[in-house]
Amino acid sequence: MGKDTLTIIDNRTGKSYEAPITDGTIRAMDLRQIKVNPDDFGIMSYDPGFKNTASTRSKITFIDGEKGILRYRGYPIEEIAENATYLEAAYLVMYGELPTREQYEQWVYDITHHTLVHENLRTFLDGFRYDAHPMGIFISSVAAMSTFYPEAKNIFDQESVELQTKRLIAKVPTIAAFAYRHSQGLRYSYPDNDLSYVGNFLNMMFKMTELKYKPNPVIERALEILWILHIDHEQNCSTTTMRAIGSAHADPYVAVAGAAAALSGPLHGGANERVLRMLKRIGSVENIPDYLKLVESGQERLMGFGHRVYKNYDPRARIIKNFAHEVFKVTGKNPLLDIAIELEQRALNEEYFIKRKLYPNVDFYSGIIYQAIGIPTSMFTVMFAIPRTVGWLAQWREMLQDPEQKIARPRQIYDGYSERHFVPMDQR
Ligand code: CMC
């Protein structure tokens with residue numbers, strides 16, 4: 001066995017350099033010693049999209065993309081999804097261990113007692129047009145919460161961090177449901193503390209004139225599992241945004257709003273909405289081959305397929321696909337499921353997808369279930385943002401405790417003009 005170092009020979013100078021290898025990585029800063037002369041800045045690594053750059057150490061989520069493995073704090077996602085409640089899984093991700101009964105009861109109590117939003121936030125919501133996209137409302141309202149809790153700026157005050165963590169987890173479902181009710185012109189439904197976290201969300205979404213809303217237990221559990229699957233996914237685009245904003249020591253409300261904005265993009269959390277639109281557009285199984293031809297010729301993307309890290313079946317997609325049938329026993333089958341299953345089968349057998357290791361990701365089946373339980377398509381990404389708020393906060397807290405972290409500030413390769421001089425307007 002050789003040494004845990006990497007030897008680099010700079011062929012420009014013939015000089016040789018040695019960089020330590022730790023955890024399968026070299027430090028990018030070790031490249032800076034490689035110079036052609038003392039005035040040279042030194043070598044940098046160029047990695048658009050951070051395809052091969054580890055930006056942090058983390059103990060929260062483990063993914064083996066080649067094998068299709070996902071674990072929260074070491075526990076396989078399948079075991080968590082089968083056995084934990086949503087708030088139990090959230091506690092695990094946040095604090096690193098499964099809660100004792102006492103810890104759990106306190107956590108549930110604390111979250112349940114922070115679900116109300118300030119009435120001024122409700123009136124703030126009223127300012128949006130009736131057809132405002134709920135994700136836009138969600139992002140802005142979370143950012144606006146920063147103004148209600150100015151003490152949130154004390155990001156190194158542990159008591160404040162705990163309080164803001166609980167407030168955010170408790171209030172995001174309320175904001176989400178209010179955004180939906182606003183778009184429907186419906187009176188807001190306030191939180192009901194007798195219900196579970198997920199049951200209460202269904203109450204705030206769907207309660208009409210009944211005195212007490214009773215969630216269907218199958219739907220409540222289905223949504224709970226969906227949310228558990230979405231809690232964290234290590235250094236994805238929105239989490240990286242959360243860490244980047246947090247690295248400037250901004251408060252957690254604006255950081256979560258920024259992370260949610262990243263999530264809204266169609267290549268990220270916006271994909272679930274796009275999957276549904278795609279399935280509707282395909283319309284019937286006969287049209288699948290034509291659609292796949294468009295994808296293979298680069299004119300379309302197969303939404304809900306492909307992943308930066310998974311080069312195998314996304315384990316979350318497998319769990320969702322398996323329990324979809326339970327949900328449909330209650331809601332009636334979503335006709336789009338047949339199209340999705342057939343589309344998946346065909347794609348997995350096509351050379352284009354095999355060669356590129358493209359498999360269904362979490363978004364491929366989640367929208368079909370959301371739709372079956374009555375969630376409108378425009379709310380799908382908001383449904384992702386609610387549980388991911390837990391992951392964002394856990395990652396943000398981890399970052400604040402990490403002495404190696406600095407303000408996020410990548411380098412660039414400047415490709416523009418070298419120095420030139422101002423030309424007056426009439427001479428241009
Ligand atoms: N449909 C068709 N071709 C695809 C797809 C797709 N969904 N995904 C990747 N490819 C092709 C891509 O064109 C490229 O081909 P080539 O080598 O010929 O240029 C190759 O596969 C590698 O793709 P990439 O774009 O370099 O991969 P990436 O890691 O940069 O992108 C991705 C990952 C998730 C953005 C991409 O797979 C994608 O756009 N998928 C569809 C959107 C989607 O479902 N997003 C949800 C991701 S999971 C949940 C979440 O993160 O929110």
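With respect to residue 271, determine if the residue is surrounded by 20 or more Cβ atoms within 10 Å (Cβ to Cβ), at pLDDT 95 or above and small (Gly, Ala, Ser).
No; evaluated as a whole, the condition is false for this residue.
Looking at 334, 287 in this structure, which one is away from the ligand (no atom under 12 Å from the Cβ), among the polar types (S, T, N, Q) and surrounded by 15 or more Cβ atoms within 10 Å (Cβ to Cβ)?
Criteria check complete, one pass: 334.
Please find, among 389, 331, the residue that is under 19 Å from residue 238 (Cα atoms), assigned by TED's automatic domain parsing to the domain that holds residue 266 and among the hydroxyl-bearing types (Ser, Thr, Tyr).
389
Would a scan of the stretch 227-248 turn up a residue that is more than 19 Å from residue 401 (Cβ to Cβ), more than 9 Å from the chain's Cα centre (by Cα) and of a type in the set (A, V, I, L, M)?
yes
So which residues in the stretch 91-106 are outside any helix (DSSP H, G or I) and under 23 Å from residue 384 (Cα atoms), if there are any at all?
Result: 96, 98.
Residues of the stretch 303-331 being of a type in the set (Phe, Trp, Tyr), within 16 Å of the ligand (Cβ to nearest atom) and without any contact (Cβ under 8 Å) to a residue 60 or more places away in the chain, which ones?
Once the filter is applied, which keeps residues that are of a type in the set (Phe, Trp, Tyr), within 16 Å of the ligand (Cβ to nearest atom) and without any contact (Cβ under 8 Å) to a residue 60 or more places away in the chain, the stretch 303-331 yields only 305.
List every residue pair whose Cβ atoms lie under 6 Å apart, where the two residues are 6 or more positions apart in sequence or sit on different chains, the first residue falls within the stretch 171-183 and is closer than 18 Å to residue 253 by Cα, and the second residue, located anywhere, is small (Gly, Ala, Ser).
Close Cβ pairs satisfying both conditions: 175/141.
Are there any helices (runs of 4 or more DSSP H) wholly within the stretch 348-428 with 1 or more residues that are in contact (Cβ under 8 Å) with a residue 12 or more places away in the chain and within 30 Å of residue 249 (Cα to Cα), and if so which?
Here the list reads 380-401.
Let's see how each residue does on (1) within 20 Å of residue 191 (Cβ to Cβ); (2) in contact with a Ser or Thr (Cβ under 8 Å, 6 or more places away or on another chain):
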site: 92; (1), (2): no, no
site: 95; (1), (2): no, no
site: 104; (1), (2): yes, no
site: 132; (1), (2): no, yes
site: 135; (1), (2): no, yes
site: 141; (1), (2): yes, no
site: 149; (1), (2): yes, no
site: 156; (1), (2): no, no
site: 163; (1), (2): yes, no
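Test residue 244 against the criterion of being crowded, with 20+ Cβ neighbours inside 10 Å, closer than 23 Å to residue 65 by Cα, among the aliphatic types (A, V, I, L, M) and touching a residue at least 60 places away in the same chain (Cβ under 8 Å), and give yes or no.
The answer is no for residue 244.
Tell me yes or no: at least one residue of the stretch 214-231 is modelled with pLDDT of 95 or more, farther than 30 Å from residue 322 by Cβ and among the β-branched types (Val, Ile, Thr).
Scanning the stretch 214-231, I find no residue that is modelled with pLDDT of 95 or more, farther than 30 Å from residue 322 by Cβ and among the β-branched types (Val, Ile, Thr), so the answer is no.
I'd like to check which helices (runs of 4 or more DSSP H) are fully inside the stretch 130-242 and have at least 1 residues that are within 30 Å of residue 79 (Cβ to Cβ), in the same structural domain as residue 62 (by TED's automatic domain parsing) and of a type in the set (A, V, I, L, M, F, W, C).
Where helices (runs of 4 or more DSSP H) fall fully within the stretch 130-242 and carry at least 1 residues being within 30 Å of residue 79 (Cβ to Cβ), in the same structural domain as residue 62 (by TED's automatic domain parsing) and of a type in the set (A, V, I, L, M, F, W, C), they are 158-184, 197-206, 217-229.
If you scan the stretch 254-284, which residues turn out to be aliphatic (A, V, I, L, M) and within 11 Å of the ligand (Cβ to nearest atom)?
262, 263, 267, 271, 275, 278, listed by residue number.
The values are calculated or read from the model by the stated rules, or taken from the named source; none is laboratory data. In this text the structure is predicted, and so the values were computed from the model without any measurement. Every residue, glycine as well, gets a Cβ built from its backbone with ideal geometry; the counts of neighbours run over all protein chains shown.
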